[in-house]
Amino acid sequence: MAMPQRACCRSGLYLVVPCFLVAFLLKTIPPAFSSVAVAGRNQLRVFAPGELGLRRRQWQQGLTSREGEPSGAAVVSKDIGGNLGEALLTGLVAGASVFTFSRFQMAIHRQMWVPPFGAIVLIFAAEAVAAAKQGKIMDVETLLQRAVKTGVGVVGACVLTVGVAQLLGGSPSVLRATGVFLASVWMSLAPASGYFPPAGALCALFIERVVGKGALPGFEYALFPCATGTMLLLIFTRAFTTVLARPFWAIGARSAKS
């Protein structure tokens with residue numbers, strides 16, 4: 001009897017802790033990240049529920065969408081070699097980030113890589129290269145905003161999916177539809193969350209494990225590998241872009257002079 005009780009307590013802990021963290025973020029982050037324009041400096045912004053349509057497009061624009069930027073603000077553009085340079089740099093950043101992620105996984109001897117990370121790393125690499133064109137790769141405010149919105153969206157969506165899967169079980173069709181529904185509603189309505197569609201793929205992956213009746217993680221799935229892996233890819237893509245963009249800037253500068 002001791003083992004089932006211990007497992008029950010552990011599952012309850014995995015549910016309570018993420019929910020507490022999400023509730024804390026919802027309570028504290030929005031006031032701190034309200035939009036204020038100060039001397040042309042970009043300030044972090046959380047969109048009101050009435051701006052839902054804009055929030056849904058936000059993930060496509062990425063960190064370099066100049067959100068919260070005053071109209072008419074000057075943006076210094078850096079040439080990275082045209083479309084070819086941008087394509088090569090994006091591919092190099094994504095490939096280097098995945099390689100580093102894989103080596104990190106080997107070092108800690110734990111499975112972290114999941115298929116949805118392939119889409120996530122391409123999104124982050126494209127955003128980082130777009131930021132490189134503006135010379136703002138490691139802008140702390142925009143990086144913090146991206147990390148918070150993405151992290152809250154991923155954790156909340158995955159926690160809800162795991163909870164529903166444990167409660168409902170049964171029909172694969174119902175589980176798949178419910179998981180995607182809850183992920184979309186959470187990312188749309190949670191004030192501190194951004195709309196990050198790859199979170200739906202992470203939820204769908206968990207549901208397929210339920211359908212396949214394999215070994216299942218508990219609520220910790222939301223934190224590891226989902227949130228942890230997503231944040232690592234965000235950091236890796238920015239770090240590699242910082243290093244790899246320099247020769248592309250040099251090539252672009254030479255092309256502009258000639």
Worksheet entry | Residue check for V121: of a type in the set (V, I, T), under 30 Å from G82 (Cβ atoms) and open to solvent by 10 Å² or more (accessible area, probe 1.4 Å) | no
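Residue-wise test of (1) touching a Pro at 6+ places or on another chain (Cβ under 7 Å); (2) over 21 Å from R110 (Cβ atoms); (3) modelled with pLDDT of 95 or more; (4) assigned to a loop (DSSP other than H, G, I, E, B).
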position	(1), (2), (3), (4)
G153	no, yes, yes, no
A165	no, yes, no, no
L202	yes, no, yes, no
E220	no, no, no, no
M231	no, no, yes, no
Worksheet item: Considering only residues of the stretch 131-149 that are among the polar types (S, T, N, Q) and surrounded by 18 or more Cβ atoms within 10 Å (Cβ to Cβ), which is farthest from P198 (Cα to Cα)?
Response: T142
Worksheet item: Restricting attention to the stretch 99-118, and to residues there that are surrounded by 13 or more Cβ atoms within 10 Å (Cβ to Cβ) and touching a residue at least 40 places away in the same chain (Cβ under 8 Å), which single residue is nearest to P225 (Cα to Cα)?
Response: M112
Worksheet item: Looking at (1) modelled with pLDDT under 90; (2) farther than 26 Å from H109 by Cβ; (3) open to solvent by 30 Å² or more (accessible area, probe 1.4 Å), which is the one condition that is false for A215?
Response: (2)
Item to complete: Would you mind stating whether A192 is under 17 Å from the mean Cα position of the chain (by Cα), hydrophobic (A, V, I, L, M, F, W, C) and assigned to a loop (DSSP other than H, G, I, E, B)?
Response: yes
Practice prompt. Could you pull out the residue among V129, V174 that is in contact (Cβ under 8 Å) with a residue 40 or more places away in the chain, touching a helix residue (DSSP H, G or I) at 6+ places or on another chain (Cβ under 8 Å) and assigned to a helix (DSSP H, G or I)?
Written response: V129
Item to complete: Select from the stretch 80-98 the residues that are of a type in the set (A, V, I, L, M) and over 16 Å from F236 (Cα atoms) and write down the one among them that is surrounded by the most Cβ atoms within 10 Å (Cβ to Cβ).
Response: I80
Worksheet item: Does V185 satisfy being part of a helix (DSSP H, G or I), within 24 Å of G218 (Cα to Cα) and open to solvent by 10 Å² or more (accessible area, probe 1.4 Å)?
Response: yes
Response to the item:
Matching residues in the stretch 150-182 (under 18 Å from G218 (Cα atoms), surrounded by fewer than 16 Cβ atoms within 10 Å (Cβ to Cβ) and of a type in the set (A, V, I, L, M)) number 2
Item to complete: Give the stretch 218-231 a look and list any residue that's in contact with a helix residue (DSSP H, G or I) (Cβ under 8 Å, 6 or more places away or on another chain) and open to solvent by 30 Å² or more (accessible area, probe 1.4 Å), or say none.
Response: E220, L223, M231
Worksheet item: What pairs can you find where one residue is in the stretch 221-240 and closer than 10 Å to V155 by Cα and of a type in the set (A, V, I, L, M), the other is open to solvent by less than 10 Å² (accessible area, probe 1.4 Å) and at pLDDT below 95, and their Cβ atoms are less than 7 Å apart, with a gap of 6+ or different chains?
Response: A222/P18; A222/V162; L223/P18
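The values are calculated or read from the model by the stated rules, or taken from the named source; none is laboratory data. Everything quoted here is computed from the prediction, not taken from an experiment. Cβ coordinates were reconstructed from backbone atoms using ideal geometry, including for glycine residues, and neighbour counts include every protein chain displayed. The accessibility values were calculated without ligands, DNA or RNA, using every heavy atom of the protein model including side chains. Shrake-Rupley method; radii C 1.70, N 1.55, O 1.52, S 1.80 Å.
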